[in-house]
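Here's the structure we're looking at; comments come further down.
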Amino acid sequence: MQFHLIAAGLLLLGVAGCDSTRGNPPGTAAERALDRTAGTNVSGAYPAQSDGMPGNPPGTSAERALDRAAGTNVSGAYPMQSDGMPGNPPGTAVSRTIDRAVGSSGTR
């Protein structure tokens, strides 16, 4: 008799466990909302949005926006914008502008 009760209890736990996750992706609702907004995969519900996946270059959306605006490679998505690469001399655009304005050669 005890075996049947234990088996029935385990069966109910198994069914309840399956039903509670059905239709509920990984992570919390807040994490999934963040993922949808930022294009990340913090929750685990959006593996295609993980860094380095096709269609999603390295870094976060904010880092890539900074890179585009500043001509940097903080995110890793713009290796040609790294210092010393062809077309991007050493230093930052700001430091080069200051060098030109004051006639110094700090970044040349």
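The label point for A45 and the one for D83, both projected 7 Å from the Cα toward the Cβ, are 4.1 nm apart. Each residue, D99 and R36, gets one label point 7 Å from its Cα in the Cβ direction; the gap between the two is 4.7 nm.
Taking the mean number of other Cβ atoms within 10 Å as a proxy for protection, how do you rank 95-101, 57-63 from highest to lowest? The partial results should precede the final answer.
Values: 95-101: 12.7, 57-63: 15.9.
Final packing ranking: 57-63, 95-101.
In this label model, T28 and A69 are separated by 2.9 nm, measuring between points 7 Å along each Cα→Cβ vector.
Ratio of Rg to Rh for the stretch 60-108: 1.04 [Cα atoms; Kirkwood radius as inverse mean 1/r over pairs].
Readers should treat all values here as calculations from the given coordinates under stated rules, not as data from a laboratory. Here the structure is a predicted model, which is why all the values come from computation and not from measurement. Quick reminder, even Gly has a Cβ in these numbers, built from the backbone with ideal geometry, and neighbours come from all protein chains shown.
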